[in-house]
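All remarks here apply to the structure that follows.
The values are calculated or read from the model by the stated rules, or taken from the named source; none is laboratory data. Worth saying up front: this structure is predicted, and the values here are computed from it rather than measured. Here Cβ is always computed from backbone atoms with ideal geometry, including for glycine, and neighbour counts include all displayed protein chains.
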Amino acid sequence: MTAPYGIRVARSEADRAACFAVRTEVFVVEQRVPESIEYDAYDAGAVHVLAVDRDGSPIGTGRLLHGAPAEAKTGSAGVGSLGRLAVLRSARGTGVGAALVRAIEAEAARLGLTAVDLGAQVHALGFYEALGYVAYGPEFEEAGIAHRAMRRTLTP
């Protein structure tokens, strides 16, 4: 059976705009994250991944920071930073979130990274643990939401 969605790296301006539209819906509208902190200077150099449904409508997104921006966030060379993972409410539970994570990990491996870190919202810890991520460090707050740092080592 074919998945009811497709995943691709966002290379065009239209794809990037679609990624940002999903992020706006999930983070700014649904979770009430201030728009002023949802978008940052890291967006310009990040790898953005887009999920679309069979009709081509955007349903999910995520981003990967690598190089100096990732090192600034993770404190480690060779470690990418997965972030801004968002799936529209209508597409949750379909596997698109896990597929986005795996697509971001594939990009990280292609870039020669050895691990991926992320800041998981506490309610999503189980989702990431099921994908092989391990929590470390204390709980912290970002945009008024409780998070935990997590990491998954990539196998070559």
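For the stretch 127-142, a tally of residues being within 16 Å of the chain's Cα centre (by Cα) and at positive phi returns 1. Among residues of the stretch 121-132 that are more than 15 Å from residue 99 (Cα to Cα), those with a Cβ under 9 angstrom from a residue that is of a type in the set (Asp, Glu) and exposed (fewer than 14 other Cβ atoms within 10 Å of the Cβ), sequence gap 6+ or separate chain, pair up as 121/142; 122/139. Can you pull out every residue in the stretch 94-134 that is farther than 23 Å from residue 38 by Cα and part of a strand (DSSP E or B)? 115, 134, listed by residue number. Picking from residues in the stretch 121-142 that are among the charged types (D, E, K, R) and farther than 17 Å from residue 104 by Cα, the one that is surrounded by the most Cβ atoms within 10 Å (Cβ to Cβ) is 142.
Could you grab me the full set of residues in the stretch 53-73 that are surrounded by fewer than 20 Cβ atoms within 10 Å (Cβ to Cβ) and outside any loop (DSSP other than H, G, I, E, B)? The answer is 53, 68, 69, 71, 72, 73. The numbered conditions (1) out of contact with any strand residue (DSSP E or B) (no Cβ under 8 Å at 6 or more places or on another chain); (2) buried (at least 19 other Cβ atoms within 10 Å of the Cβ) are all true for residue 30 except (2).
Taking each residue of the stretch 4-30 that is without any contact (Cβ under 8 Å) to a residue 12 or more places away in the chain and looking for partners that are surrounded by 14 or more Cβ atoms within 10 Å (Cβ to Cβ) with beta-carbon atoms closer than 6 Å, six or more apart or interchain, yields 28/38. Can you tell me which residue among 8, 16 is in a helix (DSSP H, G or I), closer than 22 Å to residue 105 by Cα, among the charged types (D, E, K, R) and at pLDDT 95 or above? From the options 8, 16, the qualifying one is 16. Please determine, by comparing only the residues of the stretch 33-45 that are of a type in the set (A, V, I, L, M, F, W, C) and in contact (Cβ under 8 Å) with a residue 40 or more places away in the chain, which one is surrounded by the fewest Cβ atoms within 10 Å (Cβ to Cβ). Result: 37.
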